[in-house]
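The values are calculated or read from the model by the stated rules, or taken from the named source; none is laboratory data. Because the structure is predicted, anything quoted here is derived from the model rather than measured. Note that we place each Cβ from the backbone using ideal geometry, even for glycine, and neighbour counts take in every protein chain shown. Ligands, DNA and RNA are stripped out before the accessible areas are found, and what is left, the full protein with its side chains, is counted by its heavy atoms. Shrake-Rupley method; radii C 1.70, N 1.55, O 1.52, S 1.80 Å.
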Amino acid sequence: MAQMVPVDAERPDPEVIARAAAILRAGGLVAFPTETVYGLGADGLNPAALARLFQAKGRPATDPVILHIADLALLPRLAREVPPAAWALARRFWPGPLTLVLPKQPIVPDVATAGLPTVAIRMPAHPVALALLRAAGVPVAAPSANRFGRTSPTTAQHVLEDLGDTVDLILDAGPTPIGVESTVLDLTRPIPTILRPGGLPREVLEELLGPVALFDRSVEGPAPAPGMLPKHYAPRAEMVVLLGPRPAVRARLRDLAERYLRAGCRVGALIAEEDREALAGLPVILAVLGSENDLEGIARRLYQALRDLDAQGPDLILAREFGTQGLGLAIRDRLVRAAGGRVVHVGEAGD
Ligand code: TXA
Ligand code: MG
């Protein structure tokens, strides 16, 4: 079993950090907190360490990883071209929940980028992550520290459950503050394109860049990287997401819950405080994410709530979206993927 070591989230013990950095430099695997989710770190320039990383996660070799840096000077050493927009974004939003996709330098191993000519780079904001990256002195490849296809870890305990057998060390700094992964922005396209909505909202990017496109699977066909597969972040239970205006969604939530209960299903619901009334009196397993107006709170609690709900063994989970403003877009994306694309549009013409 991996060793799990507590670290202070604000002021990590330099000795613990030095130990973790030594493991990384020796080709080992260290799970560490970022402000989004826990990452599973390996030396991003060491192909053997990367091979171990992919194996530990059960991640297909076709799915590229993000290289994490603590020093802006590393950006042009990893990216062959760093356009003015990339520098502007890095200066404004790093450290933070933004990943930039740029043309790669030859120094970046093909295993890291799954053979793509581009590389994904991010400077995380969590003090523990920054301290570890500085001490390691190498770019650190870090996918979310979950088994491939499972819900991303927002606590060290989640990492232990998923990867305890294969990781050398887990740094435990408590729950991660944002709770959903970084926004992945592709700067190699004519228009900057969000490949994965995340912790940094589209609107905030647009203030700096002007129009930002959103990669749309249904329009663009096969995804450029399998991290964008529709089924991801998945619970064991079947899941359905209701999309649409709030009153219509609430009415349909009750209607569907009643129908599945009558059919003998164990029904779970991933809902907001404001939805409780709509399900009142029904024997539904509830996971309440907080107020529907507190998107930050909902993002922070989302993965833990999904795990807790799933652990109670429902046959079916009913969930609802929280719109597309701000973090709402990332939350909807994760819900829809957890549901394997099973959505119900409510309140539209013909409904
Ligand atoms: O918040 C995060 O980004 C977390 C923390 C640990 O930093 N990391 C994370 O890594 O979510 P991962 O590997 O679970 O997701 C990385 C995403 C995937 O969707 C992958 O396909 C995409 O980034 N990606 C990586 N390199 C890419 C590239 N060269 N081109 C396009 N997409 C890329
Ligand atoms: Mg992941």
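Using the C-alpha atoms of region 238-345, what convex hull volume per residue, in cubic angstrom, is computed? Could the numbers behind the result be given before it?
On the way: hull volume 9.2 nm³, N = 108.
Expressed per residue, the convex hull around the Cα atoms of region 238-345 is 85 Å³.
Cα extents for region 38-125 along the principal axes, largest to smallest and rounded to whole angstrom: 36, 27, 18. For the peptides 38-44, 336-342, the ranking by packing is 38-44, 336-342, with the highest mean count of neighbouring Cβ atoms within 10 Å listed first.
Here, region 1-159 is characterised by an Rg to Rh ratio of 0.94, where Rg is the alpha-carbon radius of gyration and Rh the Kirkwood radius. In terms of accessible area, using a 1.4 Å probe and ignoring ligands and nucleic acids, T62, T154 rank largest first as T62, T154. Dividing the alpha-carbon radius of gyration of region 71-230 by the rule-of-thumb value 2.2 N^0.38 Å gives 1.05.
Give me the number: length gained by fully extending D216 to C265, i.e. 0.36 nm times residue separation minus the C-alpha to C-alpha distance, one decimal in nm. Present the calculation step by step, with values, prior to reporting the outcome.
Values: separation 49, 0.36 × 49 = 17.64 nm, distance 3.35 nm.
Between D216 and C265, full extension yields 14.3 nm more.
Once you wrap a convex hull around the alpha carbon atoms of the chain, what is its projected area averaged over all directions, in nm²?
Over all viewing directions, the chain projects a mean Cα-hull area of 17.4 nm².
Taking the centroid of alpha carbons for each part, region 96-170 and region 15-61 are 7 Å apart.
How much of the pair distance distribution for region 284-351 lies past 18 Å, counting alpha-carbon pairs only, in percent?
On the way: 920 of 2278 pairs.
Across region 284-351, Cα pairs with separations above 18 Å total 40 percent.
If the chain linking L282 and Q105 were pulled fully straight, counting 0.36 nm for each residue of separation and taking away their Cα-Cα distance, it would gain 58.0 nm.
Determine the sum of side-chain charges near G96: Lys and Arg each +1, Asp and Glu each -1, restricted to other residues whose C-beta is under 13 angstrom from that of G96.
Values: positive: R91, R92, R122; negative: E35, E181.
Within the 13 Å Cβ shell, the charges total +1.
The calculated 222 nm mean residue ellipticity attributable to helices in the chain amounts to -9500 deg cm²/dmol, summing -39500 (n - 2.57) over DSSP H runs of n ≥ 4 and dividing by all residues.
Please give the per residue accessible area of the chain, computed with a probe of 1.4 Å over protein heavy atoms only, in Å². Provide the component values of the computation, followed by the final result.
Values: 14140 Å² over 351 residues.
Per-residue accessible area for the chain comes out at 40 Å².
H345 exposes around 100 Å² of accessible area when a 1.4 Å probe is run over every protein chain in place.
Leaving ligands, DNA and RNA out of it, report the carbon-plus-sulfur percent of the accessible area of region 238-345 at a 1.4 Å probe. Let's see the in-between values first.
On the way: 2140 of 4440 Å².
Within region 238-345, the accessible surface is 48 percent carbon and sulfur.
A full extension of the chain between L208 and N293 corresponds to an added length of 28.1 nm, given 0.36 nm per residue minus the alpha carbon distance.
Around L40, under 15 Å between beta carbons, what's the net of Lys plus Arg minus Asp minus Glu among the other residues?
Values: positive: R52, K57, R59, R122, R147, R150; negative: D43, D63, E161, D162, D165, D168, D172, E181.
Summing Lys and Arg as +1 and Asp and Glu as -1 gives -2.
Computed in the context of the full set of protein chains, the accessible area of region 3-214 at 1.4 Å probe radius has 56% of its extent on carbon or sulfur.
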